[in-house]
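Visitor: Sharing a structure here in structure tokens format.
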Amino acid sequence: MTSQPTAGGTPPALEVRGLVRHFPGPGRSTVRAVDGVSLTVGRGEVVGLVGESGSGKSTVGQCVVRLDEPTGGTVRIGGVDVTRLSRRRLRPLRKDFHLVYQDPSASLDPRMSVARIVAEPLVLHRLARGDALRSRVAELLEQVGLRPELAERRPHELSGGQRQRVSIARALAVDPLLLVADEPTSALDVSVQASVLNLLADLQRDRGFGCLFITHDLAAVEFLADRIAVMYLGEIVEQAPAAELFTAPKHPYTQALLSAVPVPDPAVQRARGGSPAEGRGRIVLHGDLPSPVFPRTSTGQAVGYCRFHTRCPLAVERCRTEAPEHRTLPGGRQVACHLVEDDGTAPDAARPRPRTLEPQAPAQSADSTTDVDRKP
Amino acid sequence: MNDTAGSTAVLRVRDLSVSFRGEEGGDGDVHAVDGLSFDVAPGEVLAVVGESGCGKSVTSLAVMGLLPPTARVGGSVALRGRELAGADEKELRSVRGREMSMVFQEPMTSLNPVLTVGRQIGEVLRRHQGLGRREARQRSAELLETVGIPDPGRRVDEYPHQLSGGMRQRVMLAVAVACDPAVLIADEPTTALDVTVQAGVLDVLGALRERLGTAIVLITHDLGVVAHTADRVLVMYAGRAVEHAPVEDLFATPRHPYTRGLLDAVPRPGGRAAALAEGRRPRLREIPGLVPGLETQPDRCTFAPRCAHADGLCTSRRPLLQAPAGPVGERPDAPHTAACWHPLDVTGAPAEATEEAAP
């Protein structure tokens, strides 16, 4: 397991071990939304948790901030096990972790002024009052780039980008150890998204909080994260430093995911492999993310196969009969795939060996370059 | 000014404007689209790009004649030379679904939950092509196969809730192309989908264009999707076209400062690693300021308040789309035009306004 280098043995901002969140499914079934997730966010580190809808990434975030009760596993924040604490015991610790949601118009109280929204955590934790409170709020608004005259406005009078800045100011008001940001820029326009990402990067650098950045946006995560964990169907399939993950993804799912992201550059798109008819060198996965509903009999037991085998262009018999273990490769990367060798040699999902697939399997021209060529 | 596709255009939009009556006691009318012109040729994908509120979706609804009666639509929308602006509902109905069709962002709200997908595809066929029940079902299954749905014989009898998001959007595409329309308008067709699913749906769009020669108007905010799918791009800002160019030219040498800003705002693969390697702090470029309100149609550049290169000319006269001086793009048949008094040159520097540039 990666234990992040932390100064002088201080515990990391966040340590999640074997996190499980199951929901009762229809009939005799179980929805395995999160199924054995372990990850660490060091102090001052940004870890990106990426995955498609239904992969369980948001449920991880909800469990981390204890808005949801994990079925199993532990969550430690700054070394304190918060998994089973009662609401009362948890309350004073809540200043150590904060959440920023995707849609600020739904997470800000429409009847409160911006100043009151930002002041609320400080008041609740009795960290400031009177003039000290007012000056702290003014300082926070300035830090997130909001003009002082906006303090008396209400959320509906602000633009989407400004509202998200208010959420960030509120989250950082109590100087948390850990910020969980769940799709903080997904509802924003491109140009506004850029300014919020810049702001998060600046604040993180200046304030040094740990950040779990949950998103489906690979471009945003590459910009912000030091390390990235890729989730698929309730499980982390690969974890690596951001630059390594983008230049040399090991897991076939990560490879497919990265190759599917349209790059805003027609020249790069062309270089990925010829005309549109040839699919431009992308690894096209067939079908959608399967449902995380499993027969109830298997609750508590590990799933006996690789969850990605139904869509994996490289799947072999072993993938259907045995779950891959989460292995740490030399250099500290982690991957859960039978086909990745112990020395880190990974298969290339863009060049599957001939096998009987659907007829519309993407035709790869022999010289098609893959995303591995996208060097920084 | 905009004869890119010449006489071959199937869809020709000229000087389209749409305005809505403002609220009582509000700031007046809202001019959602202001003087927009474009052509689309068979088998061509024109991407209309812009941020929320720029008027791209209103444009698509205006072209389809789907705006509510409260909207005031001006200008011309011609489909194969036939004028649709101001046409009555009966005429529009005979065109919609048969000659021109549309796909929306969220397939679940466009599909009827209580009808099988076969019935919904068949409805179009029976109405426009007069097919019988059995023939329509047969043809529906074929269409499902065209859009890449495995096991179409079974899927044709399923209901929308039994399908995944990507499959539903494929069904929408099947409905849209059932009558082999000349023009398909796709409004953010992949925005609600995951990237791995999006890739498949974009491939279907590409295949339809290639096989059926459909002209596609792709409305999107995603520059990655544009780079992947489009032949030509129209960039909109605050209801107006600010740049119109072949896709390669637009991405390689954007002439309008707003386009440049949009392109720079998107994180690039490897951008952070490159910045860190050079000891720089990774930054995305921001466009300062906010999108203006649409209550006026000012006789000036609407981007001027946010533009670093704006001067007195920009704030006193409205620039029109025209080809900036300088080298022609890769395709002389498809000119690169920008609505800017000081269009950026290849190096990204703003040009001096020339006298003949004035309209």
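Visitor: For A:Thr74 and A:Tyr305, compute 0.36 nm times the residue count separating them, minus their Cα-Cα distance, and round to one decimal in nm.
Guide: 80.7 nm
Visitor: In chain A, which Cys residues have no partner Cys with a Cβ closer than 4.7 Å?
Guide: Lone cysteines by the Cβ rule: A:Cys63, A:Cys211, A:Cys312, A:Cys337.
Visitor: For the charge dipole of segment A:12-246, defined by +1 on Lys and Arg C-beta atoms and -1 on Asp and Glu C-beta atoms about the Cα centroid, which residue among A:Tyr101, A:Gln62, A:Met112 has the Cα displaced farthest towards the positive pole?
Guide: After comparing all options, I get A:Met112.
Visitor: Taking the DSSP beta bridges in chain B as the whole, what percent of them are antiparallel, to the nearest 5?
Guide: Around 60 percent of the beta bridges assigned by DSSP in chain B are antiparallel ones.
Visitor: Rounded to the nearest 0.05, what FRET efficiency is calculated for A:Arg87 and B:Ala78 with R0 set to 56 Å and r the Cβ-Cβ distance?
Guide: The calculated FRET efficiency here is 0.30.
Visitor: Taking the Cα atoms of segment B:6-237, report the difference between the largest and smallest coordinate on each principal axis, in whole Å and largest first.
Guide: Here the Cα extents, ordered largest to smallest, are 53, 42, 38 Å.
Visitor: With +1 on each Lys and Arg Cβ and -1 on each Asp and Glu Cβ, how big is the dipole of segment A:65-207 about its Cα centre, in debye rounded to the nearest 20?
Guide: Working: 23 positive and 19 negative charges, 150 e Å.
In debye, rounded to 20, segment A:65-207 gives about 720.
Visitor: Follow-up question, since we're still on this one. Using the per-residue mean of other Cβ atoms lying within 10 Å as a proxy for protection, in what order, highest first, do the peptides B:198-211, B:291-304 fall?
Guide: For the peptides B:198-211, B:291-304, the packing ranking is B:198-211, B:291-304.
Visitor: How long is chain A along each principal axis, judged by its Cα atoms, biggest number first, in Å?
Guide: Taking the Cα atoms of chain A, the three principal extents are 72, 49, 46 Å.
Visitor: May I pose another question? Quick one: if you stick a label point 7 Å off each Cα along the C-beta vector at B:Leu276 and B:Thr296, how many nm between them?
Guide: The modelled label-to-label distance comes out at 4.7 nm.
Visitor: If you don't mind, another one. Could you work out the mean count of beta carbons from other protein chains within 10 Å of each residue's beta carbon in B:278-288?
Guide: Numbers: counts 0, 0, 0, 4, 6, 6, 12, 4, 11, 6, 2.
Partner Cβ neighbours, averaged per residue: 5.
Visitor: Follow-up question, since we're still on this one. Span-like helices, chain A: DSSP H, alpha-carbon axial extent 24 Å or more, mean Kyte-Doolittle 0.0 or greater, which ones?
Guide: The qualifying helices are A:190-207.
Visitor: Let's see if you can work this out: charge +1 on each Lys and Arg Cβ, -1 on each Asp and Glu Cβ, no other charges. What is the dipole magnitude of chain B about its Cα centre, in debye to the nearest 20? The partial results should precede the final answer.
Guide: Values: 39 positive and 46 negative charges, 187 e Å.
Its charge dipole is roughly 900 debye.
Visitor: Turning to a different aspect of this structure: Hand me the tally of lysine pairs in the protein assembly as shown: alpha carbons under 29 angstrom apart, and the pair either on different chains or 8 or more positions apart.
Guide: Value for the protein assembly as shown: 5.
Visitor: Could you order peptides A:79-91, B:152-164, B:46-58 by the average number of other Cβ atoms within 10 Å of their residues, highest first?
Guide: Put in order of decreasing packing, that is B:46-58, B:152-164, A:79-91.
Visitor: Given labels modelled 7 Å from the Cα in the Cβ direction, how far is it in nm from B:Ala207 to A:Arg296?
Guide: 4.1 nm
Visitor: Right, here's the next one. What is segment B:6-237's relative contact order, in percent, from Cα pairs under 8 angstrom and six or more apart in sequence?
Guide: Answer for segment B:6-237 is 29 percent.
Visitor: OK, next. Can you order the peptides B:263-271, B:233-241, A:23-31, B:28-36 by their average number of other Cβ atoms within 10 Å per residue, highest first?
Guide: So the order, starting with the most tightly packed, is B:233-241, B:28-36, B:263-271, A:23-31.
Visitor: To continue, here is another question. Among B:Glu123, B:Glu243, B:Glu188, what is the fewest-to-most ranking by other Cβ atoms within 10 Å?
Guide: Listing B:Glu123, B:Glu243, B:Glu188 from fewest to most nearby Cβ atoms yields B:Glu123, B:Glu188, B:Glu243.
Visitor: Measuring from a point 7 Å past the Cα of A:Ala267 along Cα-to-C-beta, which residues in segment B:247-288 have an amide N at less than 13 Å?
Guide: B:248-254
Visitor: With only Lys, Arg, Asp and Glu charged, each at its Cβ (+1 for the first two, -1 for the last two), find how big the charge dipole of segment B:209-252 is about the Cα centre; round to the nearest 20 debye.
Guide: 180 debye
Visitor: Per residue of A:180-191, what is the mean number of Cβ atoms on other protein chains within 10 angstrom of that residue's Cβ?
Guide: Mean partner-chain Cβ count within 10 Å for A:180-191: 4.
Visitor: Mind checking the alpha-carbon convex hull of the protein assembly as shown and giving the volume per residue in Å³?
Guide: Convex hull of Cα atoms, per residue: 182 Å³.
Visitor: Contact order normalised by length for chain A, with contacts defined as Cα pairs under 8 Å and 6 or more residues apart; what percent is it?
Guide: 19 percent
Visitor: So if each residue of separation counts as 0.36 nm, and I subtract the Cα-Cα distance between B:Arg317 and B:His161, what length gain in nm does that give?
Guide: Computed gain between B:Arg317 and B:His161 is 50.9 nm.
Visitor: Place +1 on the Cβ of every Lys and Arg and -1 on the Cβ of every Asp and Glu in segment B:1-120, take the dipole about the Cα centre, and give the residue among B:Thr70, B:Phe20, B:Val45 whose Cα lies farthest towards its positive end.
Guide: So the residue furthest toward the plus end is B:Val45.
Visitor: Could you let me know the centre-to-centre spacing of segment A:47-102 and segment B:93-148, using Cα atoms, in angstrom?
Guide: Cα centres, segment A:47-102 to segment B:93-148: 45 Å.
Visitor: Take peptide A:252-261, look around each residue's Cβ out to 10 angstrom, count Cβ atoms belonging to other protein chains, and average those counts.
Guide: Mean partner-chain Cβ count within 10 Å for A:252-261: 3.
Visitor: Continuing with the same structure: Of B:Pro292, A:Leu90, B:Val124, which is farthest on the positive side of the dipole of the protein assembly as shown, counting Cα position, with +1 on Lys and Arg Cβ, -1 on Asp and Glu Cβ, and the Cα centre as origin?
Guide: Result: A:Leu90.
Read-outs: derived from the displayed coordinates by stated rules, not from any lab. What you see is a predicted model; the values in this text were computed from it and never measured. Reconstructed Cβ throughout: ideal geometry from the backbone, glycine too, with neighbour counts over all protein chains shown.
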